Number of protein chains: 2
Amino acid sequence: MARYQVGIRTEARILEAARELLGEFGLDATTLKAICDRAEVRVGSFYNLFDSKETVVLRVVAEAIAAVDPDPAHLGTETLNDLVEAYIAFFTNESIVARIYVQIAVSGALNNGELHHRIERHHEQRVDRFRAALQRGNPALSVENATERTEILLATLNGLAFRAALNADFDFARHARATAIEARSPAVRRPT
Amino acid sequence: MARYQVGIRTEARILEAARELLGEFGLDATTLKAICDRAEVRVGSFYNLFDSKETVVLRVVAEAIAAVDPDPAHLGTETLNDLVEAYIAFFTNESIVARIYVQIAVSGALNNGELHHRIERHHEQRVDRFRAALQRGNPALSVENATERTEILLATLNGLAFRAALNADFDFARHARATAIEARSPAVRRPT
DNA sequence: TCCGATTTTGATTGTACACTCTAATTTGAG
DNA sequence: CTCAAATTAGAGTGTACAATCAAAATCGGA
């Protein structure tokens with residue numbers, strides 16, 4: 001299936017249109033028609049290049065996440081701080097796309113089994129990367145302890161992001177950084 | 001608008017049907033037709049009693065949340081533990097309804113301004129109740145400190161709930177209780 | 001220039017959904 | 001029993017959407 005240049009450019013235009021619409025107006029407003037209108041393409045051309053609307057949406061979301069990856073090559077050199085900052089960057093710069101991610105995770109999960117697994121796997125990979133980075137900066141931690149701590153940290157970050165999605169005034173970055181510091185330098189219980 | 005008994009019973013049947021469908025199959029599967037079929041009511045009767053489908057859904061969700069309220073009369077006697085346990089009960093027993101709450105918060109928030117404010121207000125009231133309970137059990141805490149701590153605690157609980165929604169095996173209750181203990185008895189930073 | 005492969009078009013299909021409207025029926029207070 | 005008000009029925013409206021298809025146009029290697 002040797003591609004023609006025209007088709008490749010059209011594909012790029014469609015992706016760009018989807019990226020812009022999703023990032024600006026959210027999932028519900030990004031209809032197939034809206035994408036095609038902005039890309040100046042007719043519906044038929046869209047389906048000549050993509051299997052479905054879902055394909056495009058998932059690709060845009062995946063690319064937005066990948067764009068802030070502090071270690072795209074997976075060299076294992078990232079610090080916990082890098083990962084947290086990447087997380088903050090994603091939710092700060094791409095808040096609507098981030099919301100779409102949650103939207104897909106929450107609404108699609110019950111119905112669409114394949115999608116559910118993709119998101120589940122994605123989250124587990126994230127736990128793993130965060131845990132590894134935490135242990136790198138803190139070799140004394142056991143795997144169990146580090147995993148536990150990572151689960152809590154990520155839960156808090158997700159919760160804070162959700163909070164920020166509800167209230168734009170909420171200082172997501174500050175809370176996120178404070179939480180991350182807490183997770184990095186282990187606290188001890190005050191004797192009671 | 002003096003009600004007839006028949007209408008009151010029909011209203012109850014519709015609410016019950018919506019409750020069952022939402023709790024079992026989620027928001028997307030709970031169509032107007034599905035509600036009417038289960039309630040054995042025709043569409044026209046539905047709209048004689050309710051303004052919209054949204055009305056019914058929001059009422060079911062609100063009632064599910066109210067059902068686990070440890071202090072429905074707002075006497076101010078609830079402990080932080082009570083509140084956390086209520087939260088755990090809601091997400092454990094009514095996991096699908098809880099998911100619907102998130103679904104509404106995330107997808108509706110951008111479009112529907114009125115709904116957005118309701119959910120925002122609900123969250124702020126929750127922060128307030130949690131903070132008050134925390135201070136009651138820990139009078140030494142300043143309002144600022146308690147608020148901060150509460151924001152983090154609630155964010156973590158929400159994040160853990162989200163995690164549990166993705167992976168049914170995740171031990172939500174254990175993590176939630178552990179986090180709450182942490183929040184209750186302030187930890188101090190280990191000197192570095 | 002030729003010609004098969006790719007791309008484009010846009011009318012059309014199909015579907016799912018919330019919601020409306022009017023006429024018929026039922027209720028229950030007086 | 002009467003009758004106005006409440007309730008019910010259910011066909012019908014309107015809309016928004018993703019996706020299909022066959023024919024026309026275009027591409028680009030040989």
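The values are calculated or read from the model by the stated rules, or taken from the named source; none is laboratory data. Predicted, not measured: the structure shown is a model, and the values here were computed from it. Positions of Cβ are backbone-derived with ideal geometry, glycine not excepted, and every protein chain shown enters the neighbour counts. Please note that ligands, DNA and RNA were not included when accessible areas were found on the heavy atoms of the full protein model with its side chains. Shrake-Rupley method; radii C 1.70, N 1.55, O 1.52, S 1.80 Å.
A:VAL84 fulfils the conditions (1) without any contact (Cβ under 8 Å) to a residue 60 or more places away in the chain; (2) β-branched (Val, Ile, Thr); (3) more than 23 Å from B:TYR101 (Cα to Cα) except for a single criterion, (1).
Note on the range A:138-151: residues that are touching a helix residue (DSSP H, G or I) at 6+ places or on another chain (Cβ under 6 Å) and closer than 29 Å to A:GLU63 by Cβ total 2. Within the range A:56-75, the set of residues being open to solvent by 60 Å² or more (accessible area, probe 1.4 Å) and in a loop (DSSP other than H, G, I, E, B) comprises A:PRO72, A:ALA73, A:HIS74, A:LEU75. Evaluate the range B:165-181: report whether one residue or more is over 24 Å from A:GLN125 (Cα atoms), assigned to a loop (DSSP other than H, G, I, E, B) and touching a helix residue (DSSP H, G or I) at 6+ places or on another chain (Cβ under 6 Å). No, the range B:165-181 contains no residue that is over 24 Å from A:GLN125 (Cα atoms), assigned to a loop (DSSP other than H, G, I, E, B) and touching a helix residue (DSSP H, G or I) at 6+ places or on another chain (Cβ under 6 Å). Scanning the range B:131-139 for any residue that is within 13 Å of another protein chain (Cβ to nearest Cβ) and out of contact with any Lys or Arg (no Cβ under 9 Å at 6 or more places or on another chain) turns up nothing. Filtering B:ALA64, B:ALA98, B:ALA73, B:ALA105 for residues that are away from every other protein chain (no Cβ under 14 Å) and within 22 Å of B:LEU160 (Cβ to Cβ) leaves a single hit, B:ALA64.
The numbered conditions (1) farther than 26 Å from B:SER95 by Cα; (2) of a type outside the set (S, T, N, Q); (3) surrounded by fewer than 17 Cβ atoms within 10 Å (Cβ to Cβ) are all true for B:ARG177 except (1). The condition (being at negative phi and open to solvent by 70 Å² or more (accessible area, probe 1.4 Å)) is satisfied by just one residue among B:GLN103, B:GLN5: B:GLN5. Across the range A:76-100, the number of residues qualifying as under 19 Å from A:LEU153 (Cα atoms), open to solvent by 40 Å² or more (accessible area, probe 1.4 Å) and in contact with a Gly (Cβ under 9 Å, 6 or more places away or on another chain) comes to 2. Remark: pairs (first residue in the range B:34-56, more than 14 Å from every other protein chain (Cβ to nearest Cβ); second residue near DNA strand D (Cβ under 9 Å from one of its atoms) and among the hydroxyl-bearing types (Ser, Thr, Tyr); Cβ separation under 8 Å; 6+ apart in sequence or on different chains) = B:CYS36/B:SER45; B:ALA39/B:THR10; B:VAL41/B:THR10; B:SER45/B:THR10; B:LEU49/B:THR10.
Residues that are away from DNA strand C (no atom under 11 Å from the Cβ) and open to solvent by less than 70 Å² (accessible area, probe 1.4 Å) within the range B:21-45 comprise B:LEU22, B:GLY23, B:GLY26, B:ALA39, B:VAL41, listed in sequence order. Residues in the range A:1-32 that are in a helix (DSSP H, G or I), more than 26 Å from A:GLU114 (Cβ to Cβ) and within 7 Å of DNA strand D (Cβ to nearest atom) were compared, and the one that is nearest to the other protein chains (Cβ to nearest Cβ) is A:VAL6.
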